[in-house]
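Reading through the structure tokens given below for one structure.
The values are calculated or read from the model by the stated rules, or taken from the named source; none is laboratory data. This structure is a prediction, so every number in the text was calculated from the model and none was measured. Cβ coordinates were reconstructed from backbone atoms using ideal geometry, including for glycine residues, and neighbour counts include every protein chain displayed. Remember, those area values only see protein heavy atoms, side chains included, never the ligands or the DNA or RNA. Shrake-Rupley method; radii C 1.70, N 1.55, O 1.52, S 1.80 Å.
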2 protein chains.
Amino acid sequence: MKVLVVGANGQIGRHLVDFIQDSGKQARAMIRKEEQASYFIDKDAETAVVDLERSVEEIAEAAKGVDAVVFTAGSGPHTGKDKTILVDLDGAIKTMEAAEMAGVKRFVLVSSFDTRRETWLDAPEGFKPYAAAKYYADVWLKSSDLDYTLVHPGGLTNDQGTGKVEAASEVERGKIPREDVARVIINCLEEESTIGKEFQVVSGDQPIEDAVKSV
Amino acid sequence: MKVLVVGANGQIGRHLVDFIQDSGKQARAMIRKEEQASYFIDKDAETAVVDLERSVEEIAEAAKGVDAVVFTAGSGPHTGKDKTILVDLDGAIKTMEAAEMAGVKRFVLVSSFDTRRETWLDAPEGFKPYAAAKYYADVWLKSSDLDYTLVHPGGLTNDQGTGKVEAASEVERGKIPREDVARVIINCLEEESTIGKEFQVVSGDQPIEDAVKSV
């Protein structure tokens, strides 16, 4: 199985590429700059240098020949709101269109914890544009023909992963190490029953493999 | 015919309310603040005080009992990019959902001149988030069940209207007074053949009524 990781140079992305390579699959790391490539080449991952702010066609070129696409790029809630629109919304949707254009059906999107409009309408002002961008990317994915899994992780930390989570359509708000999010993603790729599913995930008591199977 | 004008306190909106009232129709001006109401009350227009950043339900309340909704609110390309997402994208889409919720089929959206991704991907950096927001609002409208007309005006000026335009699916980039855009909108409302149509419009040689009929 070959997997295009969009946002490979982010912290979730780097863990994910590691796990993909360690599991005997093949990662293709989509990165923005040539100088980010060496990290991935050292791990025998393929690389594709494409700026997410470019065209669907350029992203589709990077997606050619893979079996799945994972979108884990994100401007984060603290970058400029211009990047929120261009990366979290338009970048995500262009990647979905690129997957379709390249004939790749399987798509995993890393969203944010709670993108429901009724939640973020009352969120702090600064958070709303980020939540809105994520919301529309989620809506787009769910109305696409892709074999999607939509992952809503809790508050991301750089702590070491524990390998244990709680995952369900709704869980209590909590935190989760980025390493565990990457493990959740690779388990989704291995577990066909997650196709068409959307779930929240935070640190918990269940081994990730079991938690992902149960969503 | 009763028309909800969303963004009534903007310059296009004010002209439009005038034209609606002058033509024997009834305008309902949706405004953000109570203190904006007097202008419209003086013209015998109804008013509805609703912040576009609130819920679909609140907007739907304002749309109850009208025959058409016109969305001409806009943060403009020079406001904060947070407002670009929350007004031009989310505000527009929530208004479409509100129209559907209120059982109003007719919807006129004032977009920007050229929202095609292949155009704005090479636009100046500062313009892209605005164009992206407009693009997704347009896409949403076209895939809705609304009886829509999608108007793409050229560069907006505050010049007095000339009553003459050029309108077609593609016209050469140019300018157009906001007053003429308002006249184009009211002609769309009166001309059922514009349902399901999308056109660019700039100042030109054709009387607005004829130009709108020919799109």
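Miscellaneous remarks
- Matching residues, the stretch A:8-25, being open to solvent by less than 50 Å² (accessible area, probe 1.4 Å) and outside any helix (DSSP H, G or I): A:8, A:10, A:25
- For the stretch A:12-19, the criterion of being among the aromatic types (Phe, Trp, Tyr) and either in contact with a strand residue (DSSP E or B) (Cβ under 8 Å, 6 or more places away or on another chain) or within 26 Å of residue B:122 (Cβ to Cβ) (or both) is met by no residue.
- The stretch A:89-112: number of residues that are in a helix (DSSP H, G or I) and either of a type in the set (A, V, I, L, M, F, W, C) or surrounded by fewer than 23 Cβ atoms within 10 Å (Cβ to Cβ) (or both): 9
- Restricting the stretch B:51-66 to residues that are part of a loop (DSSP other than H, G, I, E, B) and away from chain A (no Cβ under 13 Å), the residue that is most open to solvent (accessible area, probe 1.4 Å) is B:64.
- Odd one out for residue B:185, checked against (1) touching a Leu at 6+ places or on another chain (Cβ under 8 Å); (2) without any contact (Cβ under 8 Å) to a residue 40 or more places away in the chain; (3) closer than 15 Å to residue B:23 by Cβ: (2)
Conditions (1) away from chain A (no Cβ under 12 Å); (2) of a type in the set (A, V, I, L, M), marked per residue:
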{"position": "B:74", "(1), (2)": "yes, no"}
{"position": "B:105", "(1), (2)": "yes, no"}
{"position": "B:108", "(1), (2)": "yes, yes"}
{"position": "B:121", "(1), (2)": "no, yes"}
{"position": "B:140", "(1), (2)": "no, no"}
{"position": "B:152", "(1), (2)": "yes, no"}
{"position": "B:158", "(1), (2)": "yes, no"}
{"position": "B:165", "(1), (2)": "yes, yes"}
{"position": "B:168", "(1), (2)": "yes, yes"}
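- Looking across the stretch A:28-46 at every residue that is in a loop (DSSP other than H, G, I, E, B) and in contact with a helix residue (DSSP H, G or I) (Cβ under 9 Å, 6 or more places away or on another chain), the one that is surrounded by the most Cβ atoms within 10 Å (Cβ to Cβ) is identified as A:45.
- Residue list for the stretch A:144-189, restricted to those being closer than 22 Å to residue B:144 by Cβ and either acidic (Asp, Glu) or open to solvent by 90 Å² or more (accessible area, probe 1.4 Å) (or both): A:145
- Among the residues listed as B:210, B:122, B:138, B:180, the single one being without any contact (Cβ under 8 Å) to a residue 12 or more places away in the chain and outside any loop (DSSP other than H, G, I, E, B): B:210
- All positions within the stretch A:122-141 that are open to solvent by 30 Å² or more (accessible area, probe 1.4 Å) and either in contact with a strand residue (DSSP E or B) (Cβ under 7 Å, 6 or more places away or on another chain) or more than 19 Å from residue A:72 (Cβ to Cβ) (or both): A:122, A:124, A:125, A:126, A:127
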